[in-house]
Amino acid sequence: MASFDTTGLPRCTIDFPLEISPDEIASLSGPVNTLLKSSYLLGSTFEIDAIFNSLFDIAGEIAGAEACGLLSCGENDPASWEIRLGRRIEVNKATPDLLSLLIAPGAIAANFDKGVSMDPDWGLWSQPICEAWSSRSLIAFPLHRDRDIAGAVVFGKRDSHPFTPAQVKLLWALSLQAETHLLRADSGKTLFLYTFLDPLTHLYNPRYFENQLEKEILRSRRSGGSFSLLRFDIDGFTEYNERFTNTAGDIALQEFAGILSGSVREVDTVARLGGDEFGILLLEGNTEGAQALAHRIIERFQRHLLPGDKESRTERLSVSIGVASFPSDSFDKADLESKVDRALRMASIKGGGQVLSYQETADAEGVKNILSDLPVQKIYEAGRSVVDMDKFLEILLFTGMQGLSAGRGSIVVKDAEGDFTLRAAIGFSRHEEHLTAPGGFRAGPITNWVVDHQLPLVVSRTEDSPFAGQLKKNGYQSESFLSIPLTHHGHTFGALHLTNRKDHQAFTRDDLKTFAPITSEIAAILAQGIGFRENVRTFSLSILTSLSDALELRFPFLSGHSNRVRDLSTRVGERMGLATSDLTALRHAAELHDVGIVGIPGNLLAKKRRLSEQETEMVRKHPFLGAKMLEGVPGMDATRRAILEHHEHFDGSGYPYGLRGGDISVPARILSVAESYDSAVSARPYRAALPPEEALQMVRGGAGTLFDPEVSQLFTATAPAH
């Protein structure tokens, strides 16, 4: 939260009538139609973020707003403000002084309780506020809730002309829509909350608990963190309920719910799952911590006296508890729930008043029985939907780790260009997270040996290893490890590595023999998955390439442009020493960088005059549209990003997001120079072509502002002769 002192500020309110006059309707027919549809465009969601991101899109469409923000006012301190949402403002890097300037439009609008306008030409006091918003001028409208100011919506414009009166009227009408949706979202969230509460205990109900469990699994898969799932069953509750009144049973459930709520942190989730069954999601918890909590709950409940005969408290009950942890016990929701149920069932069978983890219920025979308990069917189901290959590989990896009690594992996959990438890793410490970052992985000697020889490597002791030197320095807790090539029909797609066995035993040939059947299935599914992904990618690229070719036929001035940009970009990329995968992404991006033009009205591109501001804004959507067209195409993330960013400028003055410097991907920085140069030396309907030397001078002059200086220098040094 921050504040801004409005004392002594001159009045900057918007005082002209905000109704749209009949004379203005004709000239504003397009924006007004969009505004009339704003309720539909904003949708029916109760999510504030979704509502206001849609609102910002509409503001850009109807009034050319470039910077937008939603500011919230403190309920207990109206002078305190925070930025709830922002677009084209750097909130995360804001210092206290900058944050004060960013919330200033809201504080000023609240001070006057009216729409306000800020432009340095009307007073230098507003200059630092506008600069904080990276805008030339600003307007802000207060948002009300029950006659009190709850926040403000802010719109900024970057060019030299402030918002016109007509645009201010449109944005005022839009802010009224925003106020309505804000109230609806608040009331909807209140109703939403009560639909997830159990009416007897006021704990969460099963629906909410299941939803939170799914979210926590997704979060943990992304972060590599862990959590524990606990399930409770009150021993003998049915008999207790039959002996005494229903009221006694209800009181027992309510008081046990209170014990659970008082035993956990606010971040944990406690729910009544039905009857006398309860559950806890213990965030960032392991099995040992969950068992310690369970023992404390058992002790507290056993000491607690419950209602008995004649309204006296004479009865005691116990509770059975099952514990399973993610990902150490399972990497799948249904399987995790099955295992915690198994642990709870075994705890009840032992006589009640017990806590058992899933690991304690596992059969003592070891790997063979553990393998029979693996969610193999879920692996096959994942194999049939392998567009999300990384998620699939995580399931495969966890299966291998679970089967052989490994504490750490990884899957390395060879891509279409023959480069290795680390696609899944479990059990690595936080300081090793850089291994999974793009470009941060290099295949080591073990991976190369296994793939080159197409043979498994079983190292039980140091002398078994074909490599000199100790492995413990690389995170190995022992010298023993197991590495298996993922080979299908003679082709090796990668390798699966397992280390740090939990029982502190060495990996052996028997482990490999036991695991061989599932390894072959993993390799077969992986082969199908890679083939499927490649087919989807090839098919999608062929369609998009056809669209790009059609554009060049439709607009002759674009003929050969994509191929020339591809050749120019590739030449610079090779000089910069880009990896094979980055060069491939760069080539695809260069060939398809203009494919989004198919979503732009064709008459705009053929006009023999410079486009108006509104027309230019429409054309500037083509990088976004082009990137959207590649959405969901496997293996094209780097290409999508380059297309999206190829009109960003090195100094942050480009579009669509105003990225700067290192925030722009390297392929996009290269593509920006090559595309600008070839466009300059090619004639357009509204201008003649520039001579090559003038175009090269443009590239040199743009170094450090429009273009990456290194890319600019390499491009001019390798430019083709004309």
(request) Determine which member of the set Ala627, Ala585, Ala589, Ala638 is outside any loop (DSSP other than H, G, I, E, B), of a type in the set (A, V, I, L, M) and either in contact with a His (Cβ under 8 Å, 6 or more places away or on another chain) or free of Cβ contacts under 8 Å to residues at least 12 places away in the same chain (or both). (result) Ala589
(request) Would you check which residues across the range 273-297 are charged (D, E, K, R) and crowded, with 20+ Cβ neighbours inside 10 Å and list them? (result) Asp276
(message) I'd like the full set of residues that are surrounded by 12 or more Cβ atoms within 10 Å (Cβ to Cβ) and at pLDDT 50 or above, limited to the range 185-199.
(response) Ala185, Asp186, Phe196, Leu197, Asp198
(request) Inspect the range 670-689 for any residue being at pLDDT 85 or above, farther than 18 Å from Ser562 by Cα, open to solvent by 30 Å² or more (accessible area, probe 1.4 Å) and assigned to a helix (DSSP H, G or I) and give the result as yes or no. (result) no
(request) Test each condition in (1) more than 30 Å from Leu496 (Cα to Cα); (2) outside any helix (DSSP H, G or I) for Gly577 and report the one that comes out false. (result) (1)
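Test Leu230 against the criterion of being open to solvent by less than 30 Å² (accessible area, probe 1.4 Å) and either of a type in the set (D, E, K, R) or touching a Phe, Trp or Tyr at 6+ places or on another chain (Cβ under 7 Å) (or both), and give yes or no. Spell out the reasoning first.
Values: open to solvent by less than 30 Å² (accessible area, probe 1.4 Å): yes; either of a type in the set (D, E, K, R) or touching a Phe, Trp or Tyr at 6+ places or on another chain (Cβ under 7 Å) (or both): no.
No; evaluated as a whole, the condition is false for this residue.
Conditions tested, residue by residue: (1) in a helix (DSSP H, G or I); (2) within 30 Å of the chain's Cα centre (by Cα); (3) surrounded by 22 or more Cβ atoms within 10 Å (Cβ to Cβ).
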| site | (1), (2), (3) |
| --- | --- |
| Glu266 | no, yes, no |
| Ala271 | no, yes, yes |
| Glu299 | yes, no, no |
| Thr314 | no, no, no |
| Ser320 | no, no, yes |
(request) Would you confirm whether any residue within the range 606-617 is in contact with an Asp or Glu (Cβ under 8 Å, 6 or more places away or on another chain), among the small types (Gly, Ala, Ser) and touching a residue at least 60 places away in the same chain (Cβ under 8 Å)? (result) no
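Within the range 592-623, which residues are acidic (Asp, Glu) and part of a helix (DSSP H, G or I)?
Selection gives Glu613, Glu615, Glu617.
Condition first: open to solvent by less than 40 Å² (accessible area, probe 1.4 Å) and either over 24 Å from Gly400 (Cβ atoms) or small (Gly, Ala, Ser) (or both). Now tell me which residues in the range 322-350 satisfy that.
Gly322, Ala324, Ser325, Ser330, Ala343, Leu344, Ala347
Quick one: which residue in Arg620, Arg587 is within 14 Å of Leu541 (Cβ to Cβ) and not hydroxyl-bearing (Ser, Thr, Tyr)? Walk me through it before giving the result.
Numbers: Arg620 fails: within 14 Å of Leu541 (Cβ to Cβ).
Exactly one residue qualifies, and that residue is Arg587.
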(request) Those residues that are farther than 23 Å from Ser559 by Cβ, free of Cβ contacts under 8 Å to residues at least 60 places away in the same chain, part of a loop (DSSP other than H, G, I, E, B) and not β-branched (Val, Ile, Thr), I need them from the range 641-669; list them, please. (result) Glu648, His649, Phe650, Asp651, Gly652, Ser653, Gly654, Tyr655, Pro656, Leu659, Arg660, Ser665
(request) Tell me, please, whether a residue that is within 19 Å of Leu18 (Cβ to Cβ), part of a strand (DSSP E or B) and at pLDDT below 90 can be found in the range 128-146. (result) yes
(request) At least 2 residues that are touching a Leu at 6+ places or on another chain (Cβ under 6 Å), modelled with pLDDT of 70 or more and closer than 15 Å to Gln167 by Cβ in each: list the helices (runs of 4 or more DSSP H) lying fully within the range 1-84 that qualify. (result) 48-63
(request) Go through the residues of the range 552-560 one by one and say whether even a single one is acidic (Asp, Glu) and at pLDDT below 80. (result) yes
(request) Among the residues of the range 115-127, write down those that are open to solvent by less than 10 Å² (accessible area, probe 1.4 Å) and assigned to a strand (DSSP E or B). (result) Val116, Met118
(message) With the requirement that a residue be surrounded by fewer than 17 Cβ atoms within 10 Å (Cβ to Cβ) and assigned to a helix (DSSP H, G or I), what does the range 699-712 give you?
(response) Arg700, Gly701, Pro709, Glu710
(request) Output the residue which, of all residues in the range 459-489 that are over 38 Å from the mean Cα position of the chain (by Cα) and closer than 25 Å to Val413 by Cβ, is modelled with the lowest pLDDT. (result) Phe467
(message) Take the conditions farther than 24 Å from Leu18 by Cβ, surrounded by 15 or more Cβ atoms within 10 Å (Cβ to Cβ) and under 30 Å from the mean Cα position of the chain (by Cα) and apply them to Leu98. Does it pass?
(response) yes
(message) Leu282 - would you say it is assigned to a strand (DSSP E or B) and either out of contact with any Lys or Arg (no Cβ under 6 Å at 6 or more places or on another chain) or of a type in the set (Gly, Ala, Ser) (or both)?
(response) yes
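The values are calculated or read from the model by the stated rules, or taken from the named source; none is laboratory data. All of these numbers come straight from a predicted model, not from anything done at the bench. No Cβ is skipped: glycine too gets one built from the backbone with ideal geometry, and neighbour counts run over all protein chains shown. Heavy atoms of the whole protein, side chains included, go into the accessibility calculation; ligands, DNA and RNA do not. Shrake-Rupley method; radii C 1.70, N 1.55, O 1.52, S 1.80 Å.
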